[in-house]
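> Structure in structure tokens, see below.
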Amino acid sequence: MKIDGRCHCGIITFEAEVDPAAVVICHCTDCQTLSGSAFRTVVPTREGSFRLLSGTPKVYVKTGESGNKREQTFCPNCGTPIYSGPIGNGAKVVSLRVGTIRQRDQMVPSDQYWFRSAQAWLSALPTIKRRETQPVFDPKGGFGR
């Protein structure tokens with residue numbers, strides 16, 4: 001499937017080919033920290049199909065538990081995480097952050113990694129109150145209940 005996406009501010013834009021059946025959720029503590037959330041949802045690109053259309057992402061190299069080094073890229077302006085991938089140039093497979101993909105509604109996860117690190121409260125999501133929009137913040141940083 002051909003997809004396209006961008007960072008929040010629009011400086012970084014890209015396109016790629018992905019298999020929507022290959023979307024996964026990662027619960028490792030590195031992904032929790034790097035995403036600023038409880039997990040990260042990614043889809044690998046077809047080898048060599050990822051193409052930056054605009055912008056130059058900032059690169060941070062992370063060393064995993066395995067010792068492998070991977071580039072973690074993000075927008076230097078708004079900080080949106082874009083992808084991770086092997087170090088170096090050339091045709092490669094990168095793991096795109098699903099939230100940056102315009103067609104993200106079609107990216108349904110089929111597997112979960114590092115589930116031993118998953119936050120216990122995730123199982124309670126169906127029981128937590130839901131709102132269609134965010135309440136307005138008050139001057140002290142709180143919001144309506």
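A quick yes/no check of all residues on (1) closer than 20 Å to Lys2 by Cβ; (2) more than 16 Å from the chain's Cα centre (by Cα); (3) among the hydrophobic types (A, V, I, L, M, F, W, C):
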| residue | (1), (2), (3) |
| --- | --- |
| Arg97 | yes, no, no |
| Ile101 | yes, no, yes |
| Arg104 | yes, no, no |
| Phe115 | no, yes, yes |
| Gln119 | no, yes, no |
| Leu122 | no, yes, yes |
| Lys129 | no, yes, no |
| Val136 | no, yes, yes |
| Lys140 | no, yes, no |
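> To continue, here is another question. Given the conditions (1) within 21 Å of Val61 (Cα to Cα); (2) loosely packed, with under 12 Cβ neighbours inside 10 Å; (3) of a type in the set (Val, Ile, Thr), report the number of the one that Thr127 does not fulfil.
Just one mismatch for Thr127, condition (1).
> Can you tell me which residue is farthest from Val93 (Cα to Cα) among those in the stretch 1-30 that are modelled with pLDDT of 95 or more and of a type in the set (Val, Ile, Thr)?
Ranking the candidates gives Ile11 first.
> Same structure again: Since Arg70 meets every condition but one in (1) modelled with pLDDT under 95; (2) closer than 17 Å to Glu15 by Cα; (3) under 16 Å from the mean Cα position of the chain (by Cα); (4) not aliphatic (A, V, I, L, M), which condition does it not meet?
Here Arg70 meets the rest and fails (2).
> Considering only the stretch 41-59, I want to know if a residue exists there that is more than 16 Å from the chain's Cα centre (by Cα), of a type in the set (Asp, Glu) and within 18 Å of Val93 (Cα to Cα).
Among the residues of the stretch 41-59, at least one is more than 16 Å from the chain's Cα centre (by Cα), of a type in the set (Asp, Glu) and within 18 Å of Val93 (Cα to Cα), which makes the answer yes.
The values are calculated or read from the model by the stated rules, or taken from the named source; none is laboratory data. The shown structure was predicted, so the numbers you read here are calculated from the model rather than taken from an experiment. Reconstructed Cβ throughout: ideal geometry from the backbone, glycine too, with neighbour counts over all protein chains shown.
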